[in-house]
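See structure below.
The values are calculated or read from the model by the stated rules, or taken from the named source; none is laboratory data. Here the structure is a predicted model, which is why all the values come from computation and not from measurement. Don't worry about glycine lacking a Cβ; one is built from the backbone with ideal geometry, like all the others, and counts go over all protein chains shown. Please note that ligands, DNA and RNA were not included when accessible areas were found on the heavy atoms of the full protein model with its side chains. Shrake-Rupley method; radii C 1.70, N 1.55, O 1.52, S 1.80 Å.
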Amino acid sequence: MSLRVRLTLLYTSLVGGILLLFGIVVYQLVSINLVDQIDDLLARTASDLVDSMRLNAVGELDMELAPDLELATNVYVQLWERNTGLRFASASISHLREPLDPLDQLPAEPVYRATKVGETDLRVLSVPLSLGNRLVGTLQVGASLAIVEATQRTLLTVLAIGTVASMGLAAMAVSLTTYQALSSLERVTNVALQITRADDLSRRIPYQGPPEDEIGQLIQAFNQTLGRLENLFNAQRRFVADVGHELRTPLTVIKGNVNLMRRLGCGDEESLGSIDSEVDRLTRMIGDLLLLARVESGKLPLDTQIVEMDTLVLEVLQQTSVLAEDRLQVQLGEIDQVLVCGDRDRLKQVLLNLVENAIKYTPEGGEVVVDLGKSENQARIVISDTGPGIPAEDLPHIFERFYRAEKSRTRTKDGKGFGLGLSIAYWIVRNHDGQIEVQSEIGEGTTFSVWLPLAEGEADCQPEV
Ligand code: ADP
């Protein structure tokens, strides 16, 4: 469930809960108040009636309604004498022979009770009438509860409609505000993902809203982090490039001196050979590092032209088959005529790195196959081998500089690998707006796929300025 839905549900149920509680309290208070008013009316009427009561000559209860006592329309009166029964009933209930509230269930003091006569709900005040200690009769004054019930019904309807409408409004308001707030966050996430995908730390997240609100602050903090990272990466690239340049000169001097010593016949040949090969190795590594530093920063100039990939693939296969010797088979699989736009030498370097790796890591008797084809508007070069495969935990890292899978550190004893070849290939392909992917199964082999945009003709190829 999305955050927006969760927040909307939470706030809507909160508003609904509060209104429900409020409704219950209001309903109860209004009901109590209305019943209190009726009780008041009953008490006043009963008191007036008790005042107008007499004992007649034969000792029976008699009641004369005072001329100024007007019974309210909904008020009913009954006077019950203990011995003779009903002595008086107000006009509207003169036909009623039953007491308004059963007399045998009444306590000895005045009491208010809710009763039902026929279909009508009544509130009845029963007042016991005594002479000395003797109970002589009961006065019952009742009033219809219809007005209370009607008011309760109306109140219930108003409260229910009010609650539902408020919940609807709250849901809309919360949904709208969270949509506004979260859509800014969504934009931040999208730009952050684009930055990651494009490996472009120079980009910043734009924000139109007020910079002091929470999202503005988040974006500012994120942009500051990006700025810092960009500085660090630039410093690191500069460092690698500077050190590379500085190391080249002493290496050239050492190499020159080794050659001189050889010519002069001084020094032992084995040591000179070892120094010579280590100097070559270091020179190659520094060359790779410098190339990587330039290609990573996008500063490597590309000599862009139409490249016939089929010819290039054949050239690479011819060149690398020497490395395979008789150890394994290096074959051309499917091949199509494919044109791409790019720097021929750099693209050749990518293919050389991938095919040389395949040959280097595939054991004797294995097979390396190179395919070239088209898929939609992309050229697809696939280099697959039947080598040992790359462990799943290494796969996400193999395009990182100096990364070498644990086994490769021990397997290649020629000491040629530095873990830079795939990084260089990755960045060259990226600089050609292409993609490089790897699939590998331990014990089955590894497949590298390179995707490059197809070029239809010369016109498509704009050399870099
Ligand atoms: P290296 O100089 O070590 O070959 P790369 O950058 O070319 O450096 O490759 C990085 C790592 O990826 C290698 O050390 C190796 O572990 C792994 N790797 C590359 N290609 C293959 C392959 N075809 N088969 C198995 N492992 C490979």
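Mind listing P(r) for the stretch 304-461? All alpha-carbon pairs, 10 Å bins, whole percents.
Cα pair-distance distribution for the stretch 304-461, in percent: 11, 42, 35, 11, 1.
With only alpha-carbon pairs counted, each pair once and no self-pairs, how large is the Kirkwood hydrodynamic radius of the chain in angstroms? Spell out each step's value before the answer.
Values: mean 1/r = 0.0308 Å⁻¹.
Kirkwood radius, the chain: 32.4 Å.
To the nearest 0.05, how large is the calculated FRET efficiency for Leu314 and Glu212 if R₀ is 60 Å and r is the Cβ-Cβ distance?
Numbers: r = 63 Å, r/R0 = 1.05.
Rounded to the nearest 0.05, the efficiency is 0.45.
Kindly provide the helix-only [θ] at 222 nm of the chain, computed as the sum of -39,500 (n - 2.57) over DSSP H runs of four or more divided by all residues, to the nearest 500 deg cm²/dmol? Mind showing how you got there, number by number?
On the way: 8 runs with 232 residues, N = 465.
Rounded to the nearest 500, it is -18000 deg cm²/dmol.
Could you tally the net charge around Asp385, taking each other residue with its Cβ under 13 Å from the Cβ of Asp385, Lys/Arg +1 and Asp/Glu -1? Before the final figure, lay out the partial values.
Values: positive: Arg327, Lys360; negative: Glu356, Glu364, Glu367, Asp371, Glu441, Glu444.
Neighbourhood net charge equals -4.
In vacuum, with every alpha carbon of the stretch 196-255 counted as one equal point scatterer, what does the Debye formula give for log10 I(q)/I(0) at q = 0.25, 0.29 Å⁻¹? Two decimals, please.
Those come out to -0.98, -1.10, one per q.
Residues of the stretch 3-151: accessible area per residue at 1.4 Å, in Å²? Walk me through the numbers on the way to the answer.
Values: 8970 Å² over 149 residues.
Accessible area per residue: 60 Å².
Rounded to the nearest 10 Å², what accessible area does Arg123 show when all protein chains are kept and the probe is 1.4 Å?
Its heavy atoms expose roughly 50 Å² to the probe.
Describe numerically, in nm with one decimal, the distance between label points set 7 Å from Cα along Cα→Cβ at Arg281 and at Thr249.
2.6 nm
Under a plain spin-label model, where a point goes 7 Å from the Cα along Cα-to-Cβ, how far apart in nm are Gln152 and Ser166?
2.2 nm
Using a 1.4 angstrom probe on heavy atoms only, work out the carbon and sulfur share of the accessible area of the stretch 236-364 in %. Provide the component values of the computation, followed by the final result.
Working: 3820 of 7350 Å².
Result for the stretch 236-364: 52 percent of the exposed heavy-atom area is carbon or sulfur.
Given labels modelled 7 Å from the Cα in the Cβ direction, how far is it in nm from Glu230 to Arg187?
1.9 nm
At a 4.7 angstrom Cβ threshold, list every cysteine in the chain that has nobody to pair with, or say none.
Here Cys266 come out as lacking a disulfide-compatible partner, given the Cβ-Cβ threshold of under 4.7 Å.
Which FRET efficiency, nearest 0.05, do Tyr179 and Arg204 yield, Cβ-Cβ r, R0 30 Å?
Details: r = 25 Å, r/R0 = 0.82.
E between Tyr179 and Arg204, to the nearest 0.05, is 0.75.
Would you calculate the volume per residue, in Å³, of the smallest convex hull containing every Cα atom of the stretch 77-138? All intermediate terms of the calculation are to be shown ahead of the outcome.
On the way: hull volume 5.2 nm³, N = 62.
Value for the stretch 77-138: 84 Å³ per residue.
Express the accessible area of the stretch 214-296 per residue in Å², computed with a 1.4 Å probe while the remaining protein chains stay in the model.
Details: 5400 Å² over 83 residues.
For the stretch 214-296, the solvent-accessible area averages 65 Å² per residue.
Bin by bin, in steps of 10 Å, what percent of the Cα pairs in the stretch 214-296 do you find, going until the bin that has the longest distance?
Histogram of Cα-Cα distances, whole percents per bin: 16, 29, 20, 15, 10, 6, 3, 1.
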